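A.B. asks: This is the structure I have questions about; it appears just below.
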Amino acid sequence: MNEVRPAADGSPAIRVLLADDEAMIRAGVRAILAAGRDIEVVAEAGDGREAVALAQAHRPDVA
């Protein structure tokens, strides 16, 4: 989704899986998270089943 980038202090970014059934909400949250250097959205899901599958595939720090 996003390019891998280090946090402001040089540590790895926090990898996030974003899940919501409303695409507009996901887009808004993604935009907010993208404003910071310390968070990387690695995947987005539109429902719970997709979120579980993507969490297994991408192994985010936060889901």
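A.B. asks: Using a basic spin-label model with each label point 7 Å from the Cα along Cα→Cβ, how many nm lie between ALA31 and VAL62?
C.D. replies: In this crude spin-label approximation the distance works out to 1.9 nm.
A.B. asks: Dipole of region 14-58 (Lys/Arg Cβ +1, Asp/Glu Cβ -1, origin at the Cα centre): which of ALA19, HIS58, ALA45 lies farthest to the positive side?
C.D. replies: With unit charges placed on the Cβ atoms, the residue in question is HIS58.
A.B. asks: Given charges of +1 on the Cβ of Lys and Arg and -1 on the Cβ of Asp and Glu, with all other atoms neutral, how large is the dipole of the chain about its Cα centre, in debye to the nearest 20?
C.D. replies: Approximately 160 debye in magnitude.
A.B. asks: Please give the calculated 222 nm ellipticity per residue for the chain, where each DSSP H segment of at least 4 residues contributes -39500 (n - 2.57) and the sum is spread over every residue; nearest 500 deg cm²/dmol?
C.D. replies: The helix contribution divided over the chain gives -11000 deg cm²/dmol.
A.B. asks: So which residue, out of ARG30, ARG15, ARG49, gets the largest mean-square fluctuation from a GNM of the chain using Cα contacts under 10 Å as springs?
C.D. replies: ARG49
A.B. asks: Separate question: Looking at the chain, what % of its DSSP beta bridges pair antiparallel, to the nearest 5?
C.D. replies: The antiparallel fraction comes to roughly 10 percent.
A.B. asks: Then there is this: Could you work out the relative contact order of the chain, using alpha carbon pairs under 8 angstrom and six or more residues apart, expressed as a whole percent?
C.D. replies: Numbers: 103 pairs, mean separation 26.2, N = 63.
Normalised by residue count, the contact order of the chain is 42 percent.
A.B. asks: Can you compute the modelled spin-label distance between MET24 and ASP9, with each label point 7 Å from Cα toward Cβ, in nm?
C.D. replies: 3.8 nm
Every number here is computed from the coordinates shown, using simple stated rules; none is lab data. Everything numeric in this text was worked out from a predicted model, so none of it was measured. So basically every Cβ, Gly included, is an ideal-geometry build from the backbone, and we count neighbours across all protein chains shown.
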